[in-house]
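Bear in mind that the values in this text are calculations on the coordinates, not laboratory data. Note that this is a predicted model, so its numbers are computed, not measured. Reconstructed Cβ throughout: ideal geometry from the backbone, glycine too, with neighbour counts over all protein chains shown.
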Amino acid sequence: MTLAEGGLPMNRVELSQRLVAEGIRADAYSLDGGDLSERLVLEDARRSWNVYYSERGQRTGERHFDSEEAACDYFLRTILASPEYRSDR
C-alpha cells in the first residue's frame, strides 16, 4: 500500500524489500542514483530526492521531492503502474 492509498511512509531499504516482494526485475531500477541505461532511478541529491527514467545518459520525467519518503512513494507507484518492470512478464 502506498502513501496515497493510506499506507505508511517508507525509506529506500523498505522500498527495496517491497520491489522484491512485488516481483520487480532488479535490472529495471536503481535506488542509488546514477545514469544506468533504461532504468527508473531514485537519487539522493543532498538537497532533494529525485526520481527519473535514465536512458543513454539522458534523464526524462524527472521529479524532485523534499523527503525520501515522498520520493520512495512516487517511485513505487510509478514502477507498479508499468507492467514491463515485472519479472513475470
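Taking trypsin sites (Lys or Arg not before Pro) across the stretch 1-77, the ones in a DSSP loop with at most 13 further Cβ atoms lying within 10 angstrom of their Cβ are Arg46, Arg47, Arg56. Just checking my list [x] 12.1, 36; [y] 16.3, 59; [z] 21.1, 62 against Rg and Dmax of the Cα atoms in Å computed from this structure; which label fits? Among [x] 12.1, 36; [y] 16.3, 59; [z] 21.1, 62, the one calculated here is [x].
The charge dipole of the stretch 5-51, taken about its Cα centre with unit charges on the Cβ atoms of Lys, Arg (+1), Asp and Glu (-1) only, comes to about 120 debye.
Note down the net charge around Glu22, summing +1 for each Lys or Arg and -1 for each Asp or Glu among other residues with Cβ under 12 Å from its Cβ. The answer is +3.
In plain terms, the residue of Thr78, Thr60 with the fewest other Cβ atoms within 10 Å comes first and the most crowded comes last, giving Thr60, Thr78.
Residues in the stretch 57-72 carry Karplus couplings, in order, of x, 9, 9, 10, x, 5, 10, 10, 9, 7, 9, 4, 4, 5, 5, 5 Hz; the curve used is 6.51 cos²θ - 1.76 cosθ + 1.60 with θ = phi - 60°, and Gly or Pro positions show x. With both bridge residues required to lie in the chain, what share of the DSSP beta bridges run antiparallel, to the nearest 5%? So the antiparallel bridges amount to about 85 percent of the total.
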